[in-house]
Amino acid sequence: MLKSSRFPNALALGLSLAAFLYLFTGNLNLQKLTTPALSPVRLEQGSELLVAHEGFGDNAVYEHVPLPRIGQNVRRLGSWVQGDLSQGRAETGWFVAVPAFSMQVAGYPNSHGCELYIEAQTNAGAIKRIGVPGDDPMETWQVRDISLPLKDGVTRFRIVAIDHSSNAAGWLGFSQPFRFIHNKTEFGKELAQIGLSIVTAAAALVAMLFPGLWWRRRSALAFLWIPVPGFLLLALAGLLCWVGPAAFGVRLISQLALGPLFVYAIYHAVRFPLTSFTNKAERCVLLAVLLITCLSVSKAMYSLGPEGELFEGRVSRTLEVGNRSDSRIPYHVLQLIAARSDAYGLLAEKLFGTWGFSARTPLVAFAAGPLVLALPFQIPQEMPDESWTVYDPEGFAAWRIVMIVMACCSLTAVFGLAGLFVNEQWAFLAFLVAATAPFVIHETYFTWPKLPAAWFVLLAAYQIVRGRYLTAGLLWGIAYLCHPLALLMAPGLLGVVYLTHAKCTVRGGALLVPGLAVCMAIWTIANYQHFNQTTFLNYFVMADGGYHPSLARWLQSRWDSAANTLIPMYLVLFHADHYLINSLIKPSPPLVRFYFQYWNTLPFGVGITYFFFMLRFLLNKNAHRWLFWVFLPPFLFFSIYWGAGSSGSLREGLHPWVLGLLILSVVVWQKMEDGHEKLSAACSAALCWRVLETLLMLLVPAIATSRKLISSQFLFSDSLALAMMVACSWGLYRLILESKTGI
């Protein structure tokens, strides 16, 4: 894929130009770009919009429901007239039948004593009742697409809403029906949002990689360190945005940090071609990072999600079912920075609740901040629950893209660490095996800071192997500042010390402490009297989220967690009803629960097509000592520790562990290859098929449960996102194929 030396140089220059262009996109009016034009469905001649609306009123919905950014020219009604006490019934007049239309829905139309449905009348006078698809939107307005069976002779339809409840959450809201207008103007708006997504990703890539590439050219910096300078500089700029001179403002500070960097990146790309200071394998790693970035950004741009998706239809949608809102918690740090608000003020209390600011370390959020704050986004001071669009004015889409880029860049550590044990070609294969694992791909677009934390844990392991314990301890501390999960990898890092420098085990382990202690002390002192991470310690005594369990229940939860993590299909066969893998509203479809395994369990997380080959490699005698000293202790420690759930531990904090296992499997594969050509060929084929497996993980839960490929509102962006996911998957497939061919 990189046979031409001009391609990587042109790509580097193009990304630098796009990054510079990003700073000028603030002149666009995002409110206009994200407000699609609507056309209300035509009423029958002489018919009125509302025939009856007893107990319903205009915009009568719960007072904290945010007004949607679309549909300013449509009428909305709700049953929250006198709070939850009000009851009633609303019927619209008859509308002329159309093949498909949309409407906005709020509240609880499918539960709590409420109903919302369509009555369609045929030319024979028969009435067909059509349900409104989707789960309860709860305290948001969401768009629902509805199709009418015109082939059955339907000639007109109306909307019926009923509220029978006076209990809490006993209300609903609906809008008059409409269709999205798709003309050149609307196409231009959608295209502009896609363009903004592209330049945002380019800006994040350049900011993360260019400082390290510049250093590499001047001093032969080892490749795995390339993203580190950019990340740390961004984190420093983010901190300055928060506590720097108020007269400058967060936007000016961000632009002063990024503007010169992007200008010099353009000059550097012209003056010093990328091929002049990187080799082919390193450029292939950078290409893979770019492909995974594009794949994950395309997934984030895709409007369809699995049925029961958390925060569905909102800018902070998680792209998954379940109760994990963690992907938007780093955004709360951005909200504090943008408002220059105190870490323990009223805004922080509203956003973080009982957890508090100090519970989760914010280094990744600091690093992402300048890239978002360089543009005049309207960062809200409430929960980010505005209506979802491809690129929203609240900056959440930009934030998600930046977090994706940082997660993807962090994977370069795999290539460097593997290079200590195998040659460069095998190290590149190890990188691909780890970076294209379904679990890792999932973690790049589920934007929490666990992959960056794993990145610095791997860098610490790299330094331990090289005997540089003080630096390793400091990197371990930086990992802690990304996410506290780093502390749970202590047994594994000590195992690396023992296996690589057995005579210095005690001394090496002791030298890890100062660097870690410095970083922990900085965070403790910064929060002073407010410091509190004791909630995480409660996980030791909890059992599947419950407090004060019996010993039998505690042991059972640990067994369930380990079995769900390690045994294929155990989760869906024996714990399909577990609340952590189902929608908060109702049980998720079996297909959604099946694909949840790619997030929670090792067999599917590494790809079920590769898992059994990995087992074969890990059971080889060459792996025994590493498994026993480096991988078994942290897994046992984490299994004892983790009591907040038992649906599988992979996503909960085993990110460095998974990446390390995948590296080890390739190292042993390389040692076994002689005399096992058929096994090696079959494993290579499994890796290629795993790309299709990952693509299915990205698409099947959303498409199968929504029963459509694209949304009526996002025709062009959904089509492009689908095409990009397929194209990037094909690119990764080619890289895997070529990497094994070249060995």
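Quick note: the coordinates plus some simple rules give every number you see, no bench work behind them. Please read all numbers here as calculations on a predicted model, not as lab measurements. Positions of Cβ are generated from backbone atoms using ideal geometry, with glycine treated the same way; all protein chains shown enter the neighbour counts.
Quick notes on this structure:
- When each of the peptides 687-697, 510-520 is scored by how many other beta carbons lie within 10 Å of its residues on average, the order from highest to lowest is 687-697, 510-520.
- Under a model in which nothing but the beta-carbon of Lys, Arg (+1) and Asp, Glu (-1) is charged, the range 537-741 shows a dipole of about 100 debye around its Cα centre.
- Neighbour counts of C-beta atoms inside 10 Å place His182, His483 in the sequence His182, His483, starting with the fewest.
- Cα-based shape type of the range 38-180, given that a ≥ b ≥ c are square roots of the gyration tensor eigenvalues and the cut on a/c is 1.5: prolate
- Within straight-line cross-link reach of Lys280, lysines at Cα separation under 25 Å, skipping those fewer than 8 residues along the same chain: Lys3, Lys671, Lys740
- Between Glu320 and Leu310, the built amide H atoms are under 5 Å apart, and every one of these is 5 or more places off in sequence or on another chain.
- Spatially proximal lysines relative to Lys151 (Cα-Cα < 23 Å; intrachain offsets below 8 disregarded): Lys128, Lys708
- Sum of side-chain charges, Pro590 neighbourhood, beta-carbon under 15 Å (Lys, Arg +1; Asp, Glu -1): 0
- Residue-wise HN-Hα couplings along the range 415-429, as the Karplus relation 6.51 cos²θ - 1.76 cosθ + 1.60 with θ = phi - 60° gives them from phi, are 4, x, 5, 4, x, 6, 10, 9, 6, 4, 5, 5, 5, 5, 5 Hz; Gly and Pro carry x.
- Looking at the chain, the DSSP beta bridges with both ends there are about 95 percent antiparallel.
- Comparing Phe24, Leu50, Gln104 along the charge dipole axis of the range 1-125, the residue lying farthest to the positive side is Phe24, per the Cβ-charge model.
- Rounded to the nearest Hz, the phi-derived 3J(HN,Hα) couplings of the range 683-690 under the Karplus curve 6.51 cos²θ - 1.76 cosθ + 1.60 (θ = phi - 60°) are 5, 4, 5, 4, 5, 5, 5, 5, where x marks glycine and proline.
- Summary of the geometry: the range 113-174 and the range 311-332, compared by the centres of their Cα atoms, lie 27 Å apart.
- Euclidean distance between Cα centres, the range 582-618 to the range 15-82, Å: 38
- The range 198-232 and the range 703-743 have Cα centres separated by 27 Å.
- Scalar couplings 3J(HN,Hα) for the range 233-248, obtained by applying the Karplus form with A = 6.51, B = -1.76, C = 1.60 to θ = phi - 60°, are 5, 5, 4, 5, 4, x, 5, 5, 4, 7, 10, x, x, 5, 5, 6 Hz; x denotes Gly and Pro.
- Test item: Cα-centred dipole of the range 608-686, Lys/Arg +1 and Asp/Glu -1 on Cβ, debye: 120
- Candidate values (i) 1.05; (ii) 0.98; (iii) 1.41, label of the one derived for Rg/Rh (Cα atoms, Kirkwood Rh): (ii)
- Relative contact order %, the range 38-180, counting alpha carbon pairs below 8 Å whose residues are six or more apart: 36
- Protection-proxy order for peptides 582-589, 204-211, each taking the mean of Cβ atoms within 10 Å per residue, highest first: 204-211, 582-589
- Comparing Thr92, Ser165, Ser219 along the charge dipole axis of the chain, the residue lying farthest to the positive side is Ser219, per the Cβ-charge model.
- Protection proxy ranking of 236-245, 398-407 - average other beta-carbon atoms within 10 Å, highest first: 398-407, 236-245
- Put a dot 7 Å past the Cα of Ile181, heading toward its Cβ, do the same for Ala727, and the two dots end up 3.0 nm apart.
- Within the chain, helix-based [θ] at 222 nm, where runs of 4 or more DSSP H residues each add -39,500 (n - 2.57), nearest 500: -17000 deg cm²/dmol
- Anisotropy class of the range 537-741 from Cα gyration tensor, a/c 1.5 cut: oblate
- Placing +1 on the Cβ of every Lys and Arg and -1 on the Cβ of every Asp and Glu, with nothing else charged, gives the chain a dipole about its Cα centre of roughly 2400 debye.
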